[in-house]
Amino acid sequence: MISRMYLKLPDPERDHFQGTIDAPIALLEYGDYECPFCGEVQPIVKEIQRRLGDDLCFAFRHFPLTNVHPHAEHAAEAAEAAAEQSSFWAMHETLFANQDALDDEALAEYAAALGLSEVRLIQEVISGAHAKRIQEDFRSGVRAGVNGTPCFFINGQRYDGERALEPLLAALSYPATIT
Amino acid sequence: MPSTSTKSEPEHAYKEMYSKSRRSALPPKTEAPDFTLRSTPDQWLSLSEFRGQPVVLAFYPADWSPVCGDQMALYNEMLKEFHDLGAELIGISVDGAWCHAAFARDRKLHFPLLADFEPKGDIARRYGVYRYKDGVSERALFVIDADGKVYWSFVSPVGVNPGEPMEFFLRWRICKTNKQCRQRWRPNDQPNVSQIAGP
């Protein structure tokens, strides 16, 4: 269970993050692997990471819209299963790069392509071994006030601006104080 | 699913459709006006049926917004959270009951959508959230407590989905379970969610 303190900030104990956890700027994304808008924003996030470098800590949590995106839940669980094999971010990028192919068979292929144990990954996905983790992410998003996907929190404040590079960089350059 | 503008044409046009006029929603402690609206083409639903349990009323401009997910889809995903806390969720727009039926089927919505259709926007007007220029309601949320009073209301810019309902509904729960609670909610207050029983 994510504590109240980390609803809108990366949790060093449990989150998948890139950069150092005590970087001055924290960017937390709640996303859905089957959501095209999340897919569109991925290159923007990468560019932001490139530009801000060590100043940025980027973390990702799952917020699958399972009623409108039938493969989103399994894709999220596949990412967590890949994390168990120390490959969260590689799988994360693969999933966003293949949003139109997120069925279970495809997930297994991606695991194999990443050099992971595909049998183990698919077994974990099918048995729901990581469903609780996804649910925890989702519930924290609900409590944090996630209002769509992707949803960004910059230093603990929800970002409601345009999801383009320049507006995001502007918001990141003048982060609000952590509340 | 976007909460704000993206580069897509239909969504940009959708945002531009609505004026920037704002209305004042009924404030906390007001008696929530009762209403009876169509929930399906041949069924009616009244707010008073829910007396004794909290209700979250979600007003929104229109069905079929040109995005892959939207405010109603978002709340649909959160429905279990609301039900676990004993609350019901109701969506209201000026669309007719047949439109709602098709929309609910398409989005697999599991909560009622009410048709504030005739007189048009009558309930939205009574709650102070009707956009006269546009002929639709605001994106507005009301938490109605079990006694039928408005506990909290919130109007969101029409291009931004309100993600706040759970946060403030949890605060309602804190105040109800803590008899010593005398605090008035202020906009920047954060509920202490660790006080809420449950997983």
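The values are calculated or read from the model by the stated rules, or taken from the named source; none is laboratory data. These numbers come from a predicted model, not from an experiment. Neighbour counts are summed over all protein chains in view; Cβ atoms, including those assigned to glycine, are modelled from backbone coordinates with ideal geometry. The area values use the complete protein model at the heavy-atom level, side chains included, leaving out ligands, DNA and RNA. Shrake-Rupley method; radii C 1.70, N 1.55, O 1.52, S 1.80 Å.
Brief remarks on what is shown
- Conditions (1) more than 21 Å from residue A:10 (Cβ to Cβ); (2) surrounded by fewer than 16 Cβ atoms within 10 Å (Cβ to Cβ): number failed by residue A:71: (2)
- Qualifying residue in segment B:77-96 (condition: part of a helix (DSSP H, G or I), away from every other protein chain (no Cβ under 14 Å), open to solvent by less than 10 Å² (accessible area, probe 1.4 Å) and touching a strand residue (DSSP E or B) at 6+ places or on another chain (Cβ under 7 Å)): no
- Selection from segment B:82-117 of residues that are charged (D, E, K, R) and at pLDDT 95 or above: B:95, B:116
- Of all residues making up segment B:41-68, the number that are under 18 Å from residue B:118 (Cα atoms) and open to solvent by less than 40 Å² (accessible area, probe 1.4 Å): 9
- Within segment A:64-85, residues that are within 15 Å of residue A:37 (Cα to Cα) reach partners that are of a type in the set (Asp, Glu) and assigned to a loop (DSSP other than H, G, I, E, B) with beta carbons closer than 7 Å, at six or more positions or on different chains, in the pairs A:64/A:32; A:65/A:32; A:69/A:32; A:69/A:34; A:72/A:32; A:72/A:34.
- The one condition in (1) buried (at least 22 other Cβ atoms within 10 Å of the Cβ); (2) modelled with pLDDT of 90 or more; (3) not hydroxyl-bearing (Ser, Thr, Tyr) that residue B:125 fails to fulfil: (1)
- Where helices (runs of 4 or more DSSP H) fall entirely within segment A:96-179, those with at least 3 residues that are open to solvent by less than 30 Å² (accessible area, probe 1.4 Å) and within 14 Å of another protein chain (Cβ to nearest Cβ) are at A:131-144.
- Test result for residue B:131, free of Cβ contacts under 8 Å to residues at least 24 places away in the same chain and surrounded by fewer than 24 Cβ atoms within 10 Å (Cβ to Cβ): no
- Any hit, segment A:94-106, residues being aromatic (Phe, Trp, Tyr), touching a Gly at 6+ places or on another chain (Cβ under 6 Å) and under 30 Å from residue A:4 (Cβ atoms): yes
- Residue match in segment A:27-43 (condition: more than 14 Å from chain B (Cβ to nearest Cβ), open to solvent by 50 Å² or more (accessible area, probe 1.4 Å), of a type outside the set (Val, Ile, Thr) and under 22 Å from residue A:104 (Cα atoms)): no
- Check on residue B:153, touching a strand residue (DSSP E or B) at 6+ places or on another chain (Cβ under 8 Å), open to solvent by less than 10 Å² (accessible area, probe 1.4 Å), touching a residue at least 12 places away in the same chain (Cβ under 8 Å) and closer than 14 Å to residue B:58 by Cα: no
- Residue pairs whose Cβ atoms lie under 7 Å apart, sitting 6 or more positions apart in sequence or on different chains, and linking a residue in segment A:128-152 that is within 19 Å of residue A:88 (Cα to Cα) to a partner that is β-branched (Val, Ile, Thr), are A:136/A:2; A:150/A:41.
- Matching strands (runs of 3 or more DSSP E) fully within segment A:1-95 where at least 3 residues are modelled with pLDDT under 95 and under 13 Å from the mean Cα position of the chain (by Cα): none
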